[in-house]
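**Student:** A single structure is presented below for examination.
The values are calculated or read from the model by the stated rules, or taken from the named source; none is laboratory data. Everything quoted here is computed from the prediction, not taken from an experiment. Cβ coordinates were reconstructed from backbone atoms using ideal geometry, including for glycine residues, and neighbour counts include every protein chain displayed.
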Amino acid sequence: MMGIAVLFSGGKDSVRTVHHCLKKGYDVKYLVTMISRREDSWMFHVPNIRLTELSSEAIDIPLISKETSGKKEEEVEDLKKVLKILDIDAVACGGIFSNYQKTRFEKVCKELKLKLLSPFCLSFISWICLLIIKNYHSVK
């Protein structure tokens, strides 16, 4: 079974990615939260990031939380330092529309010899809504 870390902001996309990975049978070993010192981070979702600890406790998956500069490209290196020390085979990210993020995640994973799982990247929003409904999530 592939051990993975999910990049986790606590937002709907990363929560959906955790659900997807568990449903596919992956061993989700860690949630990884990067806390940006800047509100305009290029790589990481910022709103309510401090609530990820509660989510981690609720779903019983350990949280690895590290601060990042929030500066373009430096935050990619900050993420790499975190992932480098984890005993994992792959990284999952939940972003939908950001090719900028995806290309940087691909680069980090390639350098660390990890597989990147980005099941919803560049997907049509209507398809994602259908997946949510199909999986019996309440949509309000």
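**Student:** So Leu7 clears everything in (1) surrounded by 18 or more Cβ atoms within 10 Å (Cβ to Cβ); (2) at pLDDT 90 or above; (3) touching a helix residue (DSSP H, G or I) at 6+ places or on another chain (Cβ under 6 Å) except one condition, right? Which one?
**Tutor:** (3)
**Student:** For the structure I just gave you, tell me whether Glu67 is without any contact (Cβ under 8 Å) to a residue 24 or more places away in the chain and not basic (Lys, Arg).
**Tutor:** In short, no.
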